[in-house]
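To start, the structure under review is shown below, and the notes come after it.
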Amino acid sequence: MSKNRRIPAYQLHKATGQAKVRIAGKDHYLGKYGSPASHDKYDELIAELVIEKQSLPAKTLTAVLAVWWPECKKRYRKGKGRLGGAVSWRPVIRLLRENHGAEPADRLGPATLRRLIEAEAERKDWSLRYAKDVLAKVKLLYRWAAAEELVDVAAYNRLAVCEIREGRRTRPIPPVADELVNKTLPHLSLKIADMVRPQRFTGMRPGELVIMRLADVDRSGDVWTYIPEHHKTEHHGKSRTIYIGPKAQVILAPWLVKADQYVFPSRGRRCYTSDSYRQVIHRACQRNEIKT
């Protein structure tokens, strides 16, 4: 898009508390302001606007990002309606679009990118590890764009030498102590407590737990096996099998009812997300002043 045609802003509609964006004189309401769903709708509308208004040969960074977002969702989506790993791209896309979106995509250089990420890391107190992860995503984006001939290969090669040196150093995060888990369980609902217990025994990830269905669990042996429909590393071609022993079986058995339904459904018979599952536990800890 030309410099005098700016990207419409993500705004708050104060009267309703909704997010909105005005495009061609029309207000589009996106849902609760600040919510992930509202940002998804905003990104969708901006992508459509950019592709419609700008031919791809005039490749600004915003245009490349607009084409990348549908590809990103296709790569990382976890089941119907679940964005999965695509969610982690939201801050990266916005950072690039808001700071260099109107510029040619080929112009972004390693020094500019390093300063941009380090400044954002300082402003938002990112860890060095997270800042490096953002850089890796930008490099992956440019590698894809070069393969699709949306940017020159030289643009990707320039960014390949970029390194992040500044950021908050963090210590490795250890597993949650058994004492803390035992202290929290009495303050959870029966369903959430029965989600925490088998996760503790099996070591499955939260995202694997919330999408569990009876159809995915083989109960023919003494040790059950659970093969998640989706998992964290599936886009790398890796398989995932979770073994469920006797202790976890006792807890799960009453919940294993219908093959095509989630074992632990949320309201509306949908599954929890990893975030909503985490938030329920965090709120219980906060209400009862349990320090995590």
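Values in this text are rule-based calculations from the coordinates and carry no lab data. Keep in mind it's a predicted model, so treat the numbers as computed, not measured. All Cβ positions, even for glycine, are placed from backbone atoms using ideal geometry, and neighbour counts span all protein chains on display.
What to note about this one:
- Ranked W69, W255, criterion: other C-beta atoms within 10 Å, fewest first: W255, W69
- Helix 128-147 vs. the chain, principal-axis angle (Cα, 0 to 90°, nearest 10): 60 degrees
- In order along the range 32-37, the phi-based Karplus estimate (6.51 cos²θ - 1.76 cosθ + 1.60, θ = phi - 60°) of 3J(HN,Hα) comes to 3, 4, x, 6, x, 5 Hz; Gly and Pro are listed as x.
- Residue ranges 29-36, 132-139 sort as 132-139, 29-36 when ordered by packing (mean number of other C-beta atoms within 10 Å per residue, highest first).
- With a Förster radius of 45 Å applied to the C-beta separation of N288 and E71, the computed FRET efficiency comes to 0.55.
- Computed on the chain, with alpha-carbon pairs under 8 angstrom and 6+ residues apart, the relative contact order is 12 percent.
- Angle between the chain longest axis and helix 274-287 axis [Cα atoms, degrees, rounded to 10]: 70 degrees
- Nitroxide proxy distance, nm - points 7 Å out along Cα→Cβ at D125 and A253: 4.7 nm
- The distance between label points at H187 and A160 comes to 5.1 nm (points 7 Å beyond Cα on the Cα→Cβ vector).
- Entries of K124/K238; K41/K238; K41/K291; K73/K139; K32/K73 with Cα pairs more than 29 Å apart: K124/K238; K41/K238; K41/K291
- If you wrap the chain in the convex hull of its Cα atoms and look at it from every side, the mean projected area works out to 18.6 nm².
- Residues whose placed amide H lies under 5 Å from that of M204, excluding near-sequence neighbours: none
- Here the Karplus curve 6.51 cos²θ - 1.76 cosθ + 1.60, taken at θ = phi - 60°, turns the phi angles of the range 174-181 into couplings of x, x, 5, 5, 4, 4, 5, 4 Hz, with x standing for Gly and Pro.
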